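Shown next, in structure tokens, is the structure this report addresses.
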Amino acid sequence: MSRKFLDTESPGWVTDGLISEAQRLRLLARYPQQAPALGLLPVLGSVLVGLSGLSVVAANWQGLPDVLRLALLLGSLVGSYGAGAYFLRRGNPDLGHALIGLGLILFGASIILTSQLYQLVGYDVSGLLAWVVAGVALSYVYGSRLLVLLTVVIGAAVQTYCVQALGSFSYATAAMVAGGMGYYWWRRPDAVGSTVLAAGLLWQAGLLVVVLHAKITWFFVPAMLLYAAGDWQPNRAGGRALQGPPLVAAYLFMFGLATFGETDAYANVLRPPLLPYLGALGAVLALSVAGKRARGRFDTLPDWLLLLPGFYLPGGLPLAVATLVVLYAHAGSVLARAHRQEDPNQLTIGAILFVTATMVAYFKLTWAFLDKSLFFLLGGVLLLGLSWYLRRRNVQVLAAAPPIAVPATGPPAPTEPSSTPKTRLPND
Amino acid sequence: MTDLLTWFADPARRRPLLRLLVAAQVLYVLGVAGAGYATAALGQHIILTTSPVDPRDLLYGDFVRLRYNIGEAPLSQWKDAAPPRRRQGVFVLLAPGPDSVSTTVGIYPSAPAAGPNQAVLRGWVTNVYRNSFALRFNLERYYVPEGSGLRLEKAGRLHPLRVRVSIAPWGQARIARVDDPVKTPKPRR
């Protein structure tokens with residue numbers, strides 16, 4: 001609730017007799033007007049001055065002597081780190097972290113520009129690896145979300161450069177991001193940071209598959225390894241956040257298979273050798289199941305339905321039916337879990353998944369058999385009915401829930417058998 | 001067991017750690033620059049020629065793509081029993097000809113002893129064909145001062161360019177200069 005909201009709404013509360021004027025004043029005093037930490041105008045002014053300086057330098061860059069170029073780069077690097085530390089000490093963490101992030105970006109720019117200056121940019125990525133290392137170290141020191149995001153993005157960018165320009169995968173970069181930021185995630189599982197980390201690592205995994213010219217389905221082995229790591233994370237929310245991107249990728253793949261899988265043309269793109277692929281995926285599954293067991297999260301096991309290797313089936317009707325069954329089963333499992341945990345967000349997601357599966361099924365299976373107008377009429381009625389039913393269930397569930405149910409954060413209610421016994425112990 | 005993150009994020013350590021990190025970054029950039037200087041100052045200088053390149057392929061924004069004549073060699077120049085493999089690191093023994101342009105004497109899997117006048121250039125196998133194989137040297141990009149890139153592109157399309165390369169005693173190589181065959185004075189600001 002913003003202070004502005006309080007300012008505009010609270011007089012109405014007093015007139016309605018909800019609170020007294022004295023209470024209103026106390027409420028307002030409780031949420032003081034945020035004093036702007038730094039006036040906006042000076043910031044804008046300094047940005048403009050900075051931009052003008054930057055454009056002067058950029059325009060004359062080629063004409064500057066080498067030493068001056070180097071001095072400019074290093075001066076701005078040290079300057080922005082120094083300014084960042086200064087603002088942090090002054091108690092302005094946002095600006096401080098932003099300036100330290102700027103310093104990190106300037107470090108990368110300095111490496112690239114210096115290498116170009118001396119014609120050293122070749123196929124050597126060790127220079128850019130130092131950039132990732134610096135990002136990991138700064139994230140550790142400052143524990144700032146911005147720096148974490150920046151480091152993950154820098155890792156993905158360096159890897160993209162390696163693959164695109166040099167045609168090789170930098171395992172060191174991948175290991176640095178996965179190990180360095182993975183440890184950070186393990187200790188400080190923050191929802192946004194976890195999702196970004198997972199997305200960045202998935203990007204690198206995708207690049208690895210491209211470089212190795214492997215079948216694209218191999219992508220799901222590292223992706224699900226990430227998922228399994230989420231199972232072992234003691235913090236359930238942080239683990240789930242890391243599992244989001246791999247699950248989205250798996251779902252999109254299964255969806256694509258259900259939608260476009262009727263031709264067999266993809267066979268040589270998707271089908272890796274059966275035994276190695278299933279062996280690798282099975283090993284990851286075992287790891288994931290062990291994690292779920294250790295943390296008491298078996299309720300999320302049906303996520304793995306999306307990884308069923310349906311693409312080994314011959315294309316056409318068998319594959320279409322199999323993928324649809326999987327999509328339905330997965331949507332059903334999400335709905336059932338949401339129902340059990342009385343989680344409205346999950347219920348919405350489950351309903352959307354269910355409707356999507358129905359749409360795919362309908363378009364895949366009935367298009368050929370029905371007159372077009374009847375097709376659309378029936379489909380519309382089917383979807384309307386389905387959404388009405390799911391919404392009713394949703395409302396029923398929410399109405400049946402205890403009035404002040406805060407499922408995610410509150411102490412485990414007796415109706416929630418799946419909450420982790422391990423985390424409950426210290427509270428008792 | 002102390003947590004690594006807690007150790008790093010300790011406010012008392014923050015200042016010295018930042019100083020250390022910034023100093024390391026500055027030193028690293030200076031090291032890159034120093035390696036560049038040293039390669040030119042201490043290194044051995046050779047001249048290589050390029051072959052004309054597909055013009056669409058030559059200029060990538062701020063750099064020119066160079067294709068060296070020594071970048072493709074017949075398998076007869078390969079001095080090892082086992083055939084070359086892709087991505088293998090190799091050593092190219094070069095000797096200058098009468099026009100002072102260096103050409104390949106032989107290509108070795110490990111560093112050969114260079115005679116007087118000869119130079120050894122590091123390379124990597126990019127492709128192996130039936131009778132020949134292709135190499136790259138990390139010298140395929142030349143970052144050009146603004147404006148002169150187009151001239152090089154035109155020149156490179158028609159004539160071979162002469163590229164002056166410095167090879168440091170520790171093996172690092174870099175382009176010192178690309179001679180522009182069209183002799184026009186360089187624009188100075």
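Against the condition more than 12 Å from chain B (Cβ to nearest Cβ), farther than 19 Å from A:S126 by Cα and surrounded by fewer than 18 Cβ atoms within 10 Å (Cβ to Cβ), how does A:V153 come out, does it pass?
no
Sort through A:A71, A:A109 and tell me the only one that's among the aliphatic types (A, V, I, L, M) and farther than 25 Å from B:N138 by Cα. Spell out how you get there, then give the answer.
Working: A:A109 fails: farther than 25 Å from B:N138 by Cα.
Result of the check over A:A71, A:A109: A:A71.
Picking from A:L51, A:L68, A:L88, A:L95, which residue would you name as being crowded, with 20+ Cβ neighbours inside 10 Å and either assigned to a helix (DSSP H, G or I) or within 11 Å of chain B (Cβ to nearest Cβ) (or both)? Before you say what the answer is, go through the steps one by one.
Details: A:L51 fails: crowded, with 20+ Cβ neighbours inside 10 Å; A:L68 fails: crowded, with 20+ Cβ neighbours inside 10 Å; A:L95 fails: crowded, with 20+ Cβ neighbours inside 10 Å.
None of the others qualify; the one that does is A:L88.
Tell me which helices (runs of 4 or more DSSP H) are completely within segment A:162-279 and hold 2 or more residues being modelled with pLDDT of 85 or more, or say none if there are none.
Once the helices (runs of 4 or more DSSP H) in segment A:162-279 are filtered for at least 2 residues that are modelled with pLDDT of 85 or more, what remains is A:171-176, A:182-187, A:191-212, A:220-232, A:236-260.
With respect to B:R14, is the statement that it is outside any helix (DSSP H, G or I), within 10 Å of another protein chain (Cβ to nearest Cβ) and at pLDDT below 85 true?
When the stated conditions are applied, B:R14 does not pass them.
Right, A:L28: in contact with a helix residue (DSSP H, G or I) (Cβ under 7 Å, 6 or more places away or on another chain), away from chain B (no Cβ under 14 Å) and modelled with pLDDT under 90 or not?
Considered against the rule, which asks whether it is in contact with a helix residue (DSSP H, G or I) (Cβ under 7 Å, 6 or more places away or on another chain), away from chain B (no Cβ under 14 Å) and modelled with pLDDT under 90, A:L28 comes out as yes.
Identify, by number, the condition in (1) surrounded by 16 or more Cβ atoms within 10 Å (Cβ to Cβ); (2) under 27 Å from A:G239 (Cα atoms); (3) among the hydrophobic types (A, V, I, L, M, F, W, C) that A:F298 doesn't meet.
With respect to (1) surrounded by 16 or more Cβ atoms within 10 Å (Cβ to Cβ); (2) under 27 Å from A:G239 (Cα atoms); (3) among the hydrophobic types (A, V, I, L, M, F, W, C), A:F298 is out only on (1).
Restricting to segment B:20-46, what's the tally of residues that are at pLDDT below 90 and either more than 35 Å from the chain's Cα centre (by Cα) or more than 9 Å from every other protein chain (Cβ to nearest Cβ) (or both)?
9
List pairs: first residue in segment A:297-312 and touching a residue at least 12 places away in the same chain (Cβ under 8 Å) and assigned to a helix (DSSP H, G or I), second residue surrounded by fewer than 18 Cβ atoms within 10 Å (Cβ to Cβ) and of a type in the set (S, T, N, Q) anywhere in the structure, Cβ distance under 6 angstrom, at least six positions apart or on different chains.
Close Cβ pairs satisfying both conditions: A:D299/A:S418.
Would you confirm whether or not segment A:174-191 contains a residue that is over 15 Å from A:I111 (Cβ atoms), acidic (D, E) and within 13 Å of chain B (Cβ to nearest Cβ)?
Checked segment A:174-191: at least one residue is over 15 Å from A:I111 (Cβ atoms), acidic (D, E) and within 13 Å of chain B (Cβ to nearest Cβ).
If you scan segment B:62-97, which residues turn out to be under 27 Å from A:L212 (Cβ atoms), charged (D, E, K, R) and part of a loop (DSSP other than H, G, I, E, B)?
B:R67, B:D80, B:R85, B:R86, B:R87
For the structure I just gave you, tell me whether B:S102 is modelled with pLDDT under 85 and polar (S, T, N, Q).
no
State yes or no: is A:A83 at pLDDT 90 or above and either within 12 Å of another protein chain (Cβ to nearest Cβ) or surrounded by 15 or more Cβ atoms within 10 Å (Cβ to Cβ) (or both)?
yes
Restrict the check to segment B:146-161 and report whether at least one residue is exposed (fewer than 14 other Cβ atoms within 10 Å of the Cβ), modelled with pLDDT under 85 and within 12 Å of another protein chain (Cβ to nearest Cβ).
Yes: one or more hits.
In this structure, does B:D57 turn out to be over 20 Å from A:G84 (Cα atoms), at the interface with another protein chain (Cβ under 9 Å from one of its Cβ atoms) and modelled with pLDDT under 80? Explain how you work it out, then say what you get.
Details: over 20 Å from A:G84 (Cα atoms): yes; at the interface with another protein chain (Cβ under 9 Å from one of its Cβ atoms): no; modelled with pLDDT under 80: yes.
Considered against the rule, which asks whether it is over 20 Å from A:G84 (Cα atoms), at the interface with another protein chain (Cβ under 9 Å from one of its Cβ atoms) and modelled with pLDDT under 80, B:D57 comes out as no.
On the basis of being modelled with pLDDT of 80 or more and touching a Pro at 6+ places or on another chain (Cβ under 7 Å), does B:S132 make the cut?
Details: modelled with pLDDT of 80 or more: yes; touching a Pro at 6+ places or on another chain (Cβ under 7 Å): yes.
So B:S132 passes the test.
In segment A:323-374, what count of residues is obtained for those that are crowded, with 19+ Cβ neighbours inside 10 Å, without any contact (Cβ under 8 Å) to a residue 40 or more places away in the chain and among the β-branched types (V, I, T)?
2
Can you report the number of residues in segment B:113-129 which are over 16 Å from B:Q44 (Cα atoms) and outside any strand (DSSP E or B)?
Matching residues across segment B:113-129 total 1.
The values are calculated or read from the model by the stated rules, or taken from the named source; none is laboratory data. All of these numbers come straight from a predicted model, not from anything done at the bench. Note that we place each Cβ from the backbone using ideal geometry, even for glycine, and neighbour counts take in every protein chain shown.
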